[in-house]
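Structure first, then comments.
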Amino acid sequence: MKRIASSAMRAYTWLRRRACPLAHAPLARTTAAARHTAAILACTLPACAAAADARYPDHPMTIVVPFSAGGDADLAARNLAKAVQAMLPQPMVVLNKGGANGAIGSMFVREAAPDGYTLLLARVGSQAILPALQSDLKYQWNDFTPLGLLDLNPMVCVVNGDAPYRTLRDLVDAIRTQPGKLNYSTSGPATVLNLATQILLDAAGLPPQAAAQIVYKGGGEATAAVLSKEVQFSCNNVTALIGNVKAGRLRALVTTTAQRLPELPDVPTAKETGYPQLEHISGWSALYGPPGMPAPLVRQWADVLQRVAKDPNWLAGVQNIGSIPNVMAPAATTRFAQEQYLLFRDLGKKLDIQIK
């Protein structure tokens with residue numbers, strides 16, 4: 001409650017300072033004090049909010065990527081920043097602030113002023129999985145101001161191109177008949193790579209230990225492990241896999257999308273393989289602000305993102321990295337994020353998965 005009140009006060013103070021500078025001028029005489037009081041009374045919150053909305057932005061904005069440069073999140077942020085450049089009078093600067101599975105960059109934005117100049121490239125790992133599974137995390141899934149969902153980055157489960165498994169059923173049957181013998185690569189416990197496999201095993205009625213997890217530093221290394229045959233399979237973001245799948249070095253067995261991906265038309269969907277539960281897991285990017293962002297700024301960004309959604313260059317950029325454009329309004333984004341949080345929270349409880 002104190003944090004909510006503090007955020008609201010910061011937003012109110014910011015609005016008054018931006019739209020009503022007289023409200024902060026020193027008072028010299030009684031008549032000046034009277035004029036000062038009148039100015040404050042005249043500058044109601046709706047009027048200040050409208051003025052603030054008209055002035056924003058008057059200097060460069062920062063979009064914080066809570067992961068290192070070169071990854072899916074970084075590419076999504078840079079693609080957005082490029083599109084925004086043509087729609088707003090000030091540029092958007094990308095700042096990579098990685099560490100702690102995205103928690104460091106997320107906390108940086110959570111503590112920022114709610115003035116719209118420090119925003120977050122939100123991701124499923126940092127904004128849904130961590131809050132759901134890490135009890136000592138210093139922020140919650142709803143400790144931000146959602147401005148809009150940007151895209152979905154579906155998962156694909158793959159084996160080596162020379163592997164004997166031609167379908168997902170073949171792979172599941174092999175795991176069932178050889179419990180604990182097949183390995184899969186992930187970028188760490190309770191990451192989306194790990195959870196996708198856990199959902200698959202659970203849907204097949206198999207225990208979490210039916211296949212052995214081998215942890216690598218990142219998604220790229222997890223993919224390389226399948227290519228080198230260090231592991232038998234992996235479920236990863238399509239962005240990290242699509243090039244090798246198209247080249248035949250990897251064989252895709254399933255996508256976590258409701259419809260087949262245009263880039264991989266021969267790969268069946270989760271529902272087609274008999275495991276519709278996999279549809280619930282996907283990578284995603286969204287644009288968040290600090291808590292307490294004023295409603296006019298939220299509306300302004302919602303409008304900007306609707307324009308971005310029609311920008312052919314942004315659409316091409318999203319598709320080039322293997323994602324699916326899926327811009328949502330702020331309220332719909334909040335509902336989506338809550339559903340994702342609850343999915344991983346319930347999965348963590350069911351499978352006793354925790355991040356420590």
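The values are calculated or read from the model by the stated rules, or taken from the named source; none is laboratory data. Just so it is clear, the structure is predicted and the values come from calculations on it, not from any experiment. Here the Cβ positions follow ideal geometry from the backbone for every residue, glycine too, while neighbour counts run over all protein chains shown. Accessible surface areas use protein heavy atoms only, side chains included; no ligands, DNA or RNA. Shrake-Rupley method; radii C 1.70, N 1.55, O 1.52, S 1.80 Å.
Each 5 Å bin from 0 upward holds the following percent of the Cα-Cα pairs of the stretch 265-356: 2, 10, 15, 18, 18, 17, 11, 7, 3, 0. Annotation for A86 and K271: the two label points, set 7 Å from Cα along the Cα-Cβ direction, are 3.5 nm apart. Here the stretch 83-230 is described by how far its Cα atoms reach on the three principal axes: 59, 36, 24 Å, from widest to narrowest. Here the 3J(HN,Hα) profile of the stretch 327-342, calculated from phi with Karplus coefficients 6.51, -1.76 and 1.60 at θ = phi - 60°, is 5, 10, 6, x, 5, 5, 5, 4, 4, 4, 4, 5, 4, 5, 4, 5 Hz, Gly and Pro shown as x. Shown in residue order for the stretch 250-262 are the 3J(HN,Hα) couplings computed by the Karplus curve 6.51 cos²θ - 1.76 cosθ + 1.60 at θ = phi - 60°: 10, 10, 7, 9, 6, 10, 8, 9, 6, 10, 5, 6, x Hz (x for Gly and Pro). For a straight C-alpha distance cut-off of 18 angstrom, the aspartates and glutamates reachable from K310 (same-chain residues fewer than eight places away being disregarded) are D151.
Using heavy atoms of the protein chains and a probe of 1.4 Å, the accessible area assigned to E230 is about 110 Å².
Per 0.36 nm of contour for each residue apart, how much would the distance between A69 and V215 grow if the chain were fully extended, relative to their Cα-Cα spacing? Please list the in-between numbers first.
On the way: separation 146, 0.36 × 146 = 52.56 nm, distance 2.09 nm.
My answer for the length gained is 50.5 nm.
Heavy-atom accessible surface of H59, to the nearest 10 Å², is about 80 Å², with a 1.4 Å probe and all protein chains retained.
Note on K229 and N142: the extension gain reaches 27.3 nm, defined as 0.36 nm multiplied by sequence separation minus the Cα-Cα distance. The convex hull around the C-alpha trace of the stretch 76-160, projected and averaged over every direction, spans 7.4 square nanometres.
Once you have the Cα-Cα distance between R55 and E339, take 0.36 nm times their residue separation minus that, and quote the gain in nm to one decimal.
Working: separation 284, 0.36 × 284 = 102.24 nm, distance 3.50 nm.
Extra length available between R55 and E339 comes to 98.7 nm.
Show log10 I(q)/I(0) for the stretch 195-327 at q = 0.11, 0.19, 0.22 Å⁻¹, two decimals, from a solvent-free Debye sum over equal Cα scatterers. The computed values of log10 I(q)/I(0) come out as -0.52, -1.16, -1.38.
If you take every DSSP beta bridge whose two residues both sit in the stretch 148-248, what share of them, in percent to the nearest 5, is antiparallel?
50
With the simple model of a label 7 Å out from the Cα in the direction of the Cβ, R166 to A258 spans 3.1 nm. Does a label point 7 Å from the Cα of K356, set along Cα-to-beta-carbon, have any residues of the stretch 117-137 with amide nitrogen under 19 Å, and which are they? Answer for the stretch 117-137: 130-137. The amide H of A69, built 1.01 Å from its N in the peptide plane, has no neighbour under 5 Å, considering only residues 5 or more places off or on other chains.
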